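Colleague: Okay, handing you the structure first.
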Amino acid sequence: MRAGDGQVNWRESLICPVTGLNCRLRAAVQLLDTEIGLCRDDRLYLPEQSTPLYRYMRSVQPDAIGSEFLGPTRRGEIDPVTRIRNEDLTALTFDDGSVDVVGCFECLEHVPHDGAAMRELARVKRPGGRLLLNVPYGAGWDTRRGRATL
């Protein structure tokens, strides 16, 4: 995989043939383990469910919860066909303080109201819980430019 300038994109390449995780996602798993100290009984929420990262985390954290935004109606419900939970990051259906660990990886740039999403992630994270997130960044990007719309 190459970046726009033809250079190897190390962040998105070197995909593991067993887990399907690229370098960036393997780093996320390592940080959840070494820095966050994810325990087997922690309630983990990942606002992604149709990704190799969710599938891997579910294999090692059987109670992990994932979701995708499937539309503004039927939030919190699981689609009967895809088995994917529908959540809107700006209006999560989880109770206050009901999640031990939130892992949000390159997701917020797809949310039109990222401030509302951050407030929701903080609301559902239990006091003393942990949040690990990353967003793409490029030197010289206009940080005020909207990157997502409904």
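Colleague: Being under 18 Å from residue 64 (Cα atoms) and either modelled with pLDDT of 95 or more or exposed (fewer than 13 other Cβ atoms within 10 Å of the Cβ) (or both) is the filter here; which residues of the stretch 105-119 pass it?
Modeller: none
Colleague: Tell me yes or no: at least one residue of the stretch 12-27 is open to solvent by 50 Å² or more (accessible area, probe 1.4 Å), more than 26 Å from residue 126 (Cα to Cα), touching a helix residue (DSSP H, G or I) at 6+ places or on another chain (Cβ under 6 Å) and without any contact (Cβ under 8 Å) to a residue 60 or more places away in the chain.
Modeller: Yes: the stretch 12-27 contains one or more residues that are open to solvent by 50 Å² or more (accessible area, probe 1.4 Å), more than 26 Å from residue 126 (Cα to Cα), touching a helix residue (DSSP H, G or I) at 6+ places or on another chain (Cβ under 6 Å) and without any contact (Cβ under 8 Å) to a residue 60 or more places away in the chain.
Colleague: Also, I was wondering about something else. Please specify each residue of the stretch 60-112 satisfying the condition of being small (Gly, Ala, Ser) and over 26 Å from residue 136 (Cβ atoms).
Modeller: The answer is 76, 97, 98.
Colleague: With respect to residue 70, determine if the residue is within 21 Å of residue 125 (Cα to Cα), modelled with pLDDT of 90 or more and of a type outside the set (D, E, K, R).
Modeller: Here the answer is no, as residue 70 does not meet what is asked.
Colleague: Give me the pairs, please: first residue somewhere in the stretch 66-95 and in contact (Cβ under 8 Å) with a residue 24 or more places away in the chain, second residue anywhere and buried (at least 18 other Cβ atoms within 10 Å of the Cβ) and among the small types (Gly, Ala, Ser), beta-carbon distance under 7 Å, and either six or more positions apart or on two chains.
Modeller: What qualifies is 85/66; 85/67; 87/67; 89/117; 90/117.
Colleague: When you scan the stretch 31-46, how many residues do you find that are at positive phi and part of a helix (DSSP H, G or I)?
Modeller: Counting residues in the stretch 31-46 that are at positive phi and part of a helix (DSSP H, G or I) gives 0.
Colleague: Please go through the stretch 47-78 and pick out each residue that is part of a loop (DSSP other than H, G, I, E, B) and open to solvent by 50 Å² or more (accessible area, probe 1.4 Å).
Modeller: Matches in the stretch 47-78: 50, 62, 63, 69, 70, 72, 73, 74, 75, 77.
Colleague: Yes or no: residue 44 modelled with pLDDT of 90 or more, over 24 Å from residue 90 (Cβ atoms), surrounded by 15 or more Cβ atoms within 10 Å (Cβ to Cβ) and within 16 Å of the chain's Cα centre (by Cα)?
Modeller: When the stated conditions are applied, residue 44 does not pass them.
Colleague: Looking at the stretch 88-104, which of its residues are in a strand (DSSP E or B) and either farther than 18 Å from residue 69 by Cα or touching an Asp or Glu at 6+ places or on another chain (Cβ under 6 Å) (or both)?
Modeller: Of everything in the stretch 88-104, those that are in a strand (DSSP E or B) and either farther than 18 Å from residue 69 by Cα or touching an Asp or Glu at 6+ places or on another chain (Cβ under 6 Å) (or both) turn out to be 99, 100, 101.
Colleague: Looking at the stretch 80-97, which of its residues are out of contact with any Lys or Arg (no Cβ under 7 Å at 6 or more places or on another chain) and surrounded by 13 or more Cβ atoms within 10 Å (Cβ to Cβ)?
Modeller: Matches in the stretch 80-97: 84, 85, 89, 90, 92, 94.
The values are calculated or read from the model by the stated rules, or taken from the named source; none is laboratory data. The structure displayed is predicted, hence computed values, not measured ones. A quick note on method: Cβ atoms are made from the backbone with ideal geometry, for glycine too, and the neighbour counts reach across all protein chains shown. Just so you know, the surface numbers come from the protein's heavy atoms only, side chains and all, with ligands and any DNA or RNA stripped out. Shrake-Rupley method; radii C 1.70, N 1.55, O 1.52, S 1.80 Å.
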